[in-house]
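The values are calculated or read from the model by the stated rules, or taken from the named source; none is laboratory data. Computed from a predicted structure; not experimentally measured. We place every Cβ from the backbone using ideal geometry, glycine too, and count neighbours over all the protein chains shown. When the accessible area is computed, the model is the full protein with side chains, heavy atoms only, and any ligands, DNA or RNA have been set aside. Shrake-Rupley method; radii C 1.70, N 1.55, O 1.52, S 1.80 Å.
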Amino acid sequence: MRKPALAIAAATMLAAPLAADNDVELSAEDLLAPYYAKLKQEIELPVAPAGVSLPHNHTITRLAFGSCNHQLRSQHMWGQIAATSPDIFLFIGDNNYGDQMWDGDAALTSLREAYGVMAETPELAAFRARVPMMITWDDHDYGFNDGGASFAYRGWSETIFETFWGSSDEVKSRPGIYESRMFGEEGKVTQIITLDTRFFRSDLDTMPYQNERPPLGPYQPSSDPEKTILGDAQWQWLEQELTKPADLRIVVSSIQVITDAHDYEAWENLPLEREKLYAMLAEREDSGLVLLSGDRHAGGIYTEAPEAAGEQLWELTSSSMNYSFSSTERNTAREPDTKRLTDFISEENFGLVEIDWEARTFTMSLRGSQGETRVARTVEW
């Protein structure tokens, strides 16, 4: 497909405003809007295999989640996850790697093609026919490595995501893909909150140039109060969601929350935003709480009792489903972390949260490619 000159010209733009003679500001997204309106009429966007839904009155006792699933690699983990019979599966980011062959085109052709591969993946189809899902994105299925709000094509990426996954009318009605759902009967209500850490996130500060690439990431923390991860509207929404009655809350962030042990993307990049998150969680309507994250191509169990939170926080990171880079031994040695209670599990894995409503406990675990338990911890709330 030939791309209009407008799209080609905009391909090098970020979403910074352009000042016109009459002081009216136009962003790259504004300029691209008519192009995308026409493109939607000319192409058919891929759609995920049909899925099943979870009734709102269903009490969740086993929740599975995973991240970092390359669409062109083995899809065997879907069968392993299904074998644990989860009530719901949370697909929490890097659900494909549609940015890897991207040539900068505004149509995001490589991203659409990645979703197209997923649409024809029999293992995913079989899984969705059996297990309900909630989905959020990370950078590679957002369309740009480490991308945030300055990604000029984020609106089109959102359209592709929402079309593929059949997002709710509520999600489609606003910028970003954050969502919250309640499940369970009285006294056993689980609230699942999936955050969008991409669409609104400010650019991150990078370290000064050096001959040797930083071994644990290129970013450095910024205390700029103008920088954000969630954006004003999502922060207001989250505050409202946390006032709703629930017995256990599952809060999903595609990037890690608690750790300070590396300089890749994480909430540590913007410490004021993390303090805000901790404070907001502390003010929530009384409930248990567990944080879930991905992104790192390794996983483990983390805990901390930050002053702003006023309680012990627990986080389970699971990554990757089929795209491991190293071994547990090497990664554990490479990234020591006083907040991580376990080895840094680097082979393929997915996460489970199993809830015992009578004992008021949840058990976090990482399962390997054969379904074996790699790490586990039980927490009372």
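Cα centroids of segment 161-231 and segment 100-127: 21 Å apart. Largest GNM mean-square fluctuation among 179, 335, 347, using the chain with Cα springs under 10 Å: 335. Taking the Cα centre of the chain as the origin and placing charges on Cβ (Lys, Arg +1; Asp, Glu -1), which of 306, 36, 81 is farthest toward the positive end of the dipole? Value: 81. Of all DSSP beta bridges confined to the chain, the antiparallel ones make up roughly 65%.
Selection among 126, 93, 151 by position relative to the dipole of segment 72-185 gives 126 as farthest towards the positive end (Cβ unit charges, Cα centre). Rounded to the nearest 5, the antiparallel percentage of DSSP beta bridges internal to segment 284-331 is 60%. For segment 266-381, the Kirkwood estimate of the hydrodynamic radius, built from every pair of different alpha carbons, is 15.0 Å. For the chain, the tally of Lys pairs with Cα-Cα distances below 21 Å comes to 8, considering only residues 8 or more apart or on different chains. Dipole check for the chain: with +1 at the C-beta of Lys and Arg, -1 at the C-beta of Asp and Glu, and the Cα centre as origin, the magnitude is about 1020 Debye.
Within the shell of other residues whose beta carbon sits under 15 angstrom from the beta carbon of residue 357, the net charge comes to -4, with Lys and Arg scored +1 and Asp and Glu -1.
For segment 132-228, the solvent-accessible area with a 1.4 angstrom probe is 40 square angstrom per residue.
Only Cα pairs under 8 Å and at least 6 apart count here; give the relative contact order of the chain as a rounded whole percent. Mind showing how you got there, number by number?
Details: 848 pairs, mean separation 59.2, N = 381.
Here the relative contact order equals 16 percent.
So what is the calculated 222 nm ellipticity per residue for the chain, using -39500 (n - 2.57) for each DSSP H run with n of 4 or more, over all residues, to the nearest 500 deg cm²/dmol? Display every interim value, and only then the final one.
Values: 11 runs with 96 residues, N = 381.
After summing the helix terms and dividing by the residues of the chain, the value is -7000 deg cm²/dmol.
Under the criterion of Cα pairs below 8 Å and six or more residues apart, the relative contact order for segment 184-288 equals 37 percent.
Pop out the carbon and sulfur fraction of the accessible area of segment 182-222 as a percent, whole number, probe 1.4 Å.
On the way: 1020 of 2060 Å².
Carbon with sulfur: 50 percent of the solvent-accessible area.
Per atom type, segment 31-141 shows carbon and sulfur on 53% of its accessible surface, probed at 1.4 Å.
In Å², what does the accessible area per residue of segment 260-381 work out to with a 1.4 Å probe? Please report the intermediate quantities before stating the final value.
Values: 4730 Å² over 122 residues.
About 39 Å² of surface per residue is accessible.
Separation of segment 262-285 from segment 134-151 is 19 Å, based on Cα centroids. Along the Cα→Cβ direction, 7 angstrom out, place labels at residue 220 and residue 232. What is the inter-label distance in nm? Roughly 3.0 nm, to one decimal.
How big is the gap, in Å, between the Cα center of segment 356-379 and the Cα center of segment 45-76? Centre-to-centre distance over Cα atoms comes out at 19 Å.
Expressed as a whole percent, the accessible area of segment 251-330 that falls on carbon and sulfur atoms is 43 (1.4 Å probe).
In the context of the full protein assembly, residue 325 retains an accessible surface of approximately 130 Å², using a probe radius of 1.4 Å and ignoring ligands and nucleic acids.
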